[in-house]
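First up is the structure itself, then whatever we jot down about it.
The values are calculated or read from the model by the stated rules, or taken from the named source; none is laboratory data. Here the structure is a predicted model, which means the values were calculated and not measured. All Cβ positions, glycine included, derive from the backbone under ideal geometry; neighbour counts span all protein chains shown.
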Amino acid sequence: MKNDRIGCLMKISVLLLAVFIIAGCFSRSKPVYMVEQYMLEYTPPVIEGLSDLSESIKVERFSANQSFNTRAMVYKPHPFKFTTYNYNRWRVNPADMVTDYFLRDLRNANIFRAVFSYHDIEKIRFVIEGHVQEFLEATDKNDLKTILSASIALLDMDRKEITERVIFQKQYKFQERVGEHTPEEFSKGMSVNMSRLSEQLIKDIHKAIMVMPCSVKPGQPVIKPDFPVKQGGK
């Protein structure tokens, strides 16, 4: 009897010890953090004085440098050093975000007969291609700012020679100071940069296409662009 009691007590002790060990493992597990997602937010720029064009245009999907080809919110605190915000992400990749917002702004400008996206299969004469080179927040001599830079090309797909299709290719870079190192301020500053990029790019595209054959409606003045435009033959 005595031995049976001792054996029973030992079994109970082992069982209780196992329960305590399992409970301790669960209590020491890492807490789950909520990842906040951010997008740009701004009103489409209103551009005065742009006449209607008798053409359609297509916006291809932009690409991005591998350093910024990520949903991570990239921050540069010092030269040569890059880091990211913890538990904060862009909702979509920066290249796609720039593409989608520019597409929205170009349609809102209402200067083309139609504006197509990379989802559309239609073959369009004028095509926009872009590459996002910088999309980050950075500290420069204690000055905190957001930086957006991109290389944009306007192509005329009616030209037979591939080398003659580029109407223009330009580098764009915009910077906006922000008050705090927070994802909210980052998003606000980058929204300002994107609005400026859209406005300037729409103006440049309009000027370039205005001087192209059959692009201007009768009676409208032709305004020459202040940057090189390759006109080439078809």
The correct count of residues that are within 30 Å of residue 147 (Cα to Cα) and either modelled with pLDDT of 95 or more or not basic (Lys, Arg) (or both) in region 208-234 is 7
Residues of region 166-187 being touching a residue at least 60 places away in the same chain (Cβ under 8 Å) and of a type in the set (D, E, K, R), in sequence order, are 184
Among residues of region 136-180 being aliphatic (A, V, I, L, M) and outside any strand (DSSP E or B), the residue farthest from residue 192 (Cα to Cα) is 162
If we ask which residues in region 64-112 are in contact with a Lys or Arg (Cβ under 7 Å, 6 or more places away or on another chain) and among the polar types (S, T, N, Q), their number turns out to be 2
Next on the checklist: Going by what's in this entry, would residue 188 be described as out of contact with any Cys (no Cβ under 8 Å at 6 or more places or on another chain), of a type in the set (Lys, Arg) and not in a strand (DSSP E or B)?
Outcome noted: yes
All-but-one check, residue 78 against (1) surrounded by 12 or more Cβ atoms within 10 Å (Cβ to Cβ); (2) touching a Ser or Thr at 6+ places or on another chain (Cβ under 9 Å); (3) at pLDDT below 95, failing number (1)
Checked against (1) under 17 Å from residue 195 (Cα atoms); (2) out of contact with any Pro (no Cβ under 7 Å at 6 or more places or on another chain), residue 91 satisfies every condition except (1)
Taking region 102-150 and keeping residues within 30 Å of residue 78 (Cα to Cα) and of a type in the set (Phe, Trp, Tyr) leaves 135
Pairing a residue in region 61-77 that is more than 18 Å from residue 91 (Cβ to Cβ) with any residue that is among the hydrophobic types (A, V, I, L, M, F, W, C) and surrounded by 16 or more Cβ atoms within 10 Å (Cβ to Cβ), where Cβ atoms lie under 6 Å and the two sit 6 or more apart in sequence or on different chains, gives 63/95; 76/136; 76/138
Of the candidates 180, 185, the one satisfying the condition of being within 30 Å of residue 78 (Cβ to Cβ), out of contact with any helix residue (DSSP H, G or I) (no Cβ under 6 Å at 6 or more places or on another chain) and surrounded by 17 or more Cβ atoms within 10 Å (Cβ to Cβ) is 185
Worksheet item: Taking residue 76, is it part of a strand (DSSP E or B), of a type in the set (Lys, Arg) and closer than 19 Å to residue 102 by Cα?
Response: no
Might you check whether a residue that is basic (Lys, Arg), surrounded by fewer than 17 Cβ atoms within 10 Å (Cβ to Cβ) and assigned to a helix (DSSP H, G or I) occurs anywhere in region 97-106? yes
Taking region 122-176 and the residues there that are more than 20 Å from the chain's Cα centre (by Cα) and of a type in the set (Ser, Thr, Tyr), the one that is surrounded by the fewest Cβ atoms within 10 Å (Cβ to Cβ) would be 163
Any chance region 187-196 includes a residue that's more than 19 Å from residue 93 (Cα to Cα), at pLDDT below 95 and not β-branched (Val, Ile, Thr)?
-> no
